[in-house]
Amino acid sequence: MTLIEQVKELHAEGLYSNLKILASMLLTMSDHSTDMFPPMCKYQLQAYFADSLYETLEYKRAEAMYRKALQQRKAASKNNRAKTSSSTPPQQWQPSEVDLKYRIYQCHMHLKENRDAMSILESVPAKQRTAKVNMALGKLYQKAGMERSAVSCFKEVLRQCPLSLEAILCLLALGVKVAEVAGMTMAGVQGLQNSEWLSSWIKGHAYITTKDYSRAINTFNTLDKKTLLRDNLEVLGALGDSFYKANDYKNAVAKFERIHMLDPYLLKGMDLYASLLAKENKADELQQLGTALFQVSDRQPEPWITLGYHCACVKRHTRAIYFAAKAYQLNQESVQALLLKGSTLQQIEKTQEAILHYREVMRMVPDRLESYEGLVECYLSNGRNREAVSVALNACKTLGYTPSTLTLYASVLMEDPVSQDKAKSTLDRALSIKPDYLKAVTMKVKILQIKQKYEEAIELLRSQLVNQSLCVLHQLLGDCLSAVSDYQEALDQYSIALSIDPTDQKSLEGLQRIEKNGNNLEANQDEDVDAMEDEEEAELLGSDAEAQWSDQEQIADRVKRLLVRDVLRSPTV
């Protein structure tokens, strides 16, 4: 067995650390003895050495060695063309030039050098581009905003491999019509058994891209319940994402919880699951989830984001910011890491830094509502109402006039007393689309409280409580009932709210207010009684003597009343 064959054997067995040492020595020897290896063998030796560097995470060295191998190949090809009689057959030049360039692309991606990665792939002639080259180039074009070029690459991937499902998702995200995408895919899979799910899967994701989340939910629910794809993680993930974007957080949590139970080692989507748990302030569950995810990997952003949300819930803001930064360092495309850091910075009143993070999220993914909400809150806290209005209107235009975007717009309008009527009409529009949308309900109640329209607010809250018995609704109803002096029912509503959430501060404050008012009322009643006694005693003692003797029966009656009153007020009774 020759030296090159020994190198090939190490490569085939995946003994890259061993290969790295041997190949390094052989290349040094060949530099000192040019006739030690023929050109093709030296090229292969350089390519194998570069592979060993790549597999041992030395990406910069690997990229440089791959480029040396390309130069060696070009030089050898020129010599072969000059000596056609001794030329090496092209099939023996393995790996191919296209494969080498793809590996250079991979090195640049690990080094976060996207422009150089795009450049090396573009150097591959269009007719020689394999499916993986087109897929990688399409993603780079999409990230750079070169949509037309990206569409061309993804379509070429589908032409070569009709079941490239990620390419389908990319085309839908780039606005290609679902009929065209489905036509390209279904034409390539005609006659395949058990492929009837494919058209529904494509339609479901098309509904997501067009923000028709109710149809997306129905489609994926059908796939989960009525096909062989029951309990499939990809289908459940799409279903959870659809619920999340539809602001149905309760069902979204249920789907992600089911995913985690089915496969505790899956990391995809767990950062979004963590953000939903954080909305409900479930610190203990976040800690358990984060611990479980760290046992899977600490080189992915999801475990760090999960513990970051846990720290944010327990007010450990510095650690939350660190975990978010660590997650972003691991993956600079992690939107959830930016949202976590932005929201935490906002909590500690570093609004200017939070604004920068929210803007970056909007640039990366314009369809995430949290970035618009965070920006609006930051601008309002800084008194920049005009910018807040602009962001809220942009959310309506980008995400559509949904209950959530309309409510966001109303939250800005209600800051100005002049535009509160417009805010109320905007909330009415949101509630006409989704009558039980909690944010819109609570915001409308607050406007009615400001305008002292308590009866209207009470009617709205009672109608909502028929279908959803939530702590905040009972608390707000207690506030409104207290405002119209219906203290007994207000007490009942606060008690119900506290039975749902014993830590609800606003309900506790409402109870304390009623108790304080009750004490004041009792004190006022005591003062009134004392005043009546003094008045009647004065009448009794200061009356004219003649009138006194002539009205003895009336005086006796008054004395009796006083005695009875004293007895009734006595603590012994």
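Quick note: the coordinates plus some simple rules give every number you see, no bench work behind them. Here the structure is a predicted model, which means the values were calculated and not measured. Don't worry about glycine lacking a Cβ; one is built from the backbone with ideal geometry, like all the others, and counts go over all protein chains shown.
Annotations
- Annotation: for a label point projected 7 angstrom from Cα along Cα→Cβ of M364, residues of region 262-294 with backbone N closer than 17 Å are 268-276.
- Given charges at Cβ of Lys, Arg, Asp, Glu: region 425-515 dipole, positive-most of T426, Y494, S463: T426
- Nearest-0.05 FRET efficiency for D416 and N114, computed from C-beta distance (R0 45 Å): 0.55
- Only helices enter this figure: runs of n ≥ 4 DSSP H residues, each worth -39500 (n - 2.57), summed and divided by the residues of the chain, yield -24500 deg cm²/dmol at 222 nm to the nearest 500.
- Only the Cβ atoms of Lys and Arg (+1) and of Asp and Glu (-1) were treated as charged; on that basis the dipole of region 209-304 about its Cα centre amounts to roughly 380 debye.
- Of the residues H317, Y102, A150, the one whose Cα sits farthest towards the positive end of the charge dipole of the chain is Y102 (charges of +1 on Lys and Arg Cβ, -1 on Asp and Glu Cβ, taken about the Cα centre).
- Full-extension gain in nm, Q190 to Q295, via 0.36 nm per residue minus C-alpha separation: 33.5 nm
- Distance from the C-alpha centroid of region 37-69 to that of region 239-285: 44 Å, rounded to the whole angstrom.
- Sequence-separation-based contact order of the chain, relative, with Cα cut under 8 Å and 6+ spacing, percent: 4
- Fully extending the segment from E349 to E9, taken as 0.36 nm per residue of separation minus the present Cα-Cα distance, adds 116.4 nm.
- Residues of type lysines that K422 reaches as a straight line, Cα spacing below 21 Å, ignoring anything fewer than 8 places off in the same chain: K397, K434, K439, K444, K446, K451, K453
- Rounded Å value of the spacing that divides the Cα centres of region 375-444 and region 181-233: 35
- Here the dipole of the chain is about 5960 debye; that uses its Cα centre as origin and unit charges on the Cβ of Lys and Arg (positive) and Asp and Glu (negative).
- Of the trypsin sites (Lys or Arg not before Pro) found in region 92-156, those that fall in a DSSP loop while having at most 12 other beta-carbon atoms within 10 Å are K112.
- Chymotrypsin sites (Phe, Trp or Tyr not before Pro), loop per DSSP, at most 15 other Cβ atoms within 10 Å - longest free stretch of the chain: 1-264
- Ignoring lysines fewer than eight residues from K60 along the same chain, the ones with Cα atoms less than 21 angstrom from its Cα are K20, K42, K68, K101, K112.
- Sparse-neighbourhood loop sites, trypsin sites (Lys or Arg not before Pro) in region 278-363 - DSSP loop, at most 13 other Cβ within 10 angstrom: R299, K315
- Only one residue of M261, W197, M118 has its Cα farthest out toward the positive end of the dipole of the chain, where Lys and Arg carry +1 and Asp and Glu -1 on Cβ, and that residue is M118.
- Efficiency of FRET between Y265 and Q329 - r from beta-carbon atoms, R0 35 angstrom, step 0.05: 0.95
- Of the GluC sites (Glu not before Pro) found in region 362-391, no site is in coil according to DSSP while having at most 15 other Cβ atoms within 10 Å of its Cβ.
- Förster radius 22 Å - calculated FRET efficiency between M1 and E55 (Cβ-Cβ, nearest 0.05): 0.45
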